[in-house]
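One structure is given here, and the rest of the page talks about it.
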Amino acid sequence: MEQSLMAQGLAPVCGIDEAGRGPLAGPVVAAAVSLSPDDLPDGLADSKKLTAAARARLCEELHRRAHVGVGLASAAEIDELNIHRATLLAMRRAFDKLCAALERAGAPCAPAFALVDGKFAPDLPCGAQAVVKGDGKVLSIAAASIVAKHHRDMLMLELEERFPGYGFAQHKGYPTKAHLQALERLGPCPEHRRSYAPVRKACGAE
């Protein structure tokens, strides 16, 4: 798909994906990646099909061999905006960071087109197309999925240090049995999404 767009003169092309829509805690993280067709890391695939070690290795390679932007929307922004709008905001922030990275690298122009995983694309200053299950179809989206997932996992490890007892290092904020039990026992921490039903319940709002 990238090659077809570039053949139409739409270059560079970037892929955008997010990680963290479903968790009860932490930010939603998005990444925007513009690959170099002549310098692709081996093993690019949907992040969900990779081990944590493989994601870490590929994320490091992508930061070295591609142009990358990472953006996030906080738990507070998710509560204020809702997860859909917050995800689009994180994607736009990732795109803006990618544009800044391209400018620093002396690239001749910003992305001319964006391929976005899912059913919706953020408002961008270039053409964009949403691609359902794009992380399994489009290399640049797969790359973005790896970067977003790895960066979010690292942020959740930091939250484990700041808020021990919830098990963020293990479940990364997802509503596992252990997480729900910790919520019931400890109550929400500042990084929990209070607009999500299990967190509202732990707050006594339901």
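A simple spin-label model places pseudo-atoms 7 Å from Cα toward Cβ; at K119 and S195 they are separated by 1.7 nm.
Given a 10 angstrom Cα cut-off, can you work out which residue in L88, L62, L40 is the most mobile in a GNM of the chain? Maximum fluctuation in the GNM of the chain, among the listed residues, is at L40. The H on the amide N of V28, modeled in the peptide plane, is under 5 Å from the matching H of A73, each at least 5 residues off or on a different chain.
Hey, which of these cross-link pairs are over 20 Å Cα-Cα: K137/K172; K48/K133; K119/K201; K149/K177; K119/K172? Long pairs (Cα-Cα over 20 Å): K137/K172; K119/K201; K149/K177; K119/K172.
Among DSSP beta bridges lying fully in the chain, give the percent that are antiparallel, nearest 5.
DSSP beta bridges in the chain are roughly 60 percent antiparallel.
Our coupling estimate for region 63-76, obtained by passing each phi through the Karplus curve with A = 6.51, B = -1.76, C = 1.60 and θ = phi - 60°, is 5, 8, 10, 10, 9, 9, x, 10, x, 9, 10, 6, 4, 5 Hz, Gly and Pro reported as x. The amide H of A130, built 1.01 Å from its N in the peptide plane, has V116 as neighbours under 5 Å, considering only residues 5 or more places off or on other chains. In order along region 116-128, the phi-based Karplus estimate (6.51 cos²θ - 1.76 cosθ + 1.60, θ = phi - 60°) of 3J(HN,Hα) comes to 10, 5, x, 9, 10, 10, x, 6, 10, x, 8, x, 8 Hz; Gly and Pro are listed as x. Ranked by how many other Cβ atoms sit within 10 Å of their own Cβ, fewest first, the residues Y166, Y174 fall in the order Y174, Y166.
Applying both filters, DSSP loop and at most 14 other Cβ atoms within 10 Å, to the trypsin sites (Lys or Arg not before Pro) of region 124-160 gives K133, K137.
Values in this text are rule-based calculations from the coordinates and carry no lab data. From a predicted model like this one, the values you see are computed outputs, not experimental measurements. Every residue, glycine among them, receives a Cβ derived from its backbone with ideal geometry; neighbour counts consider all protein chains shown.
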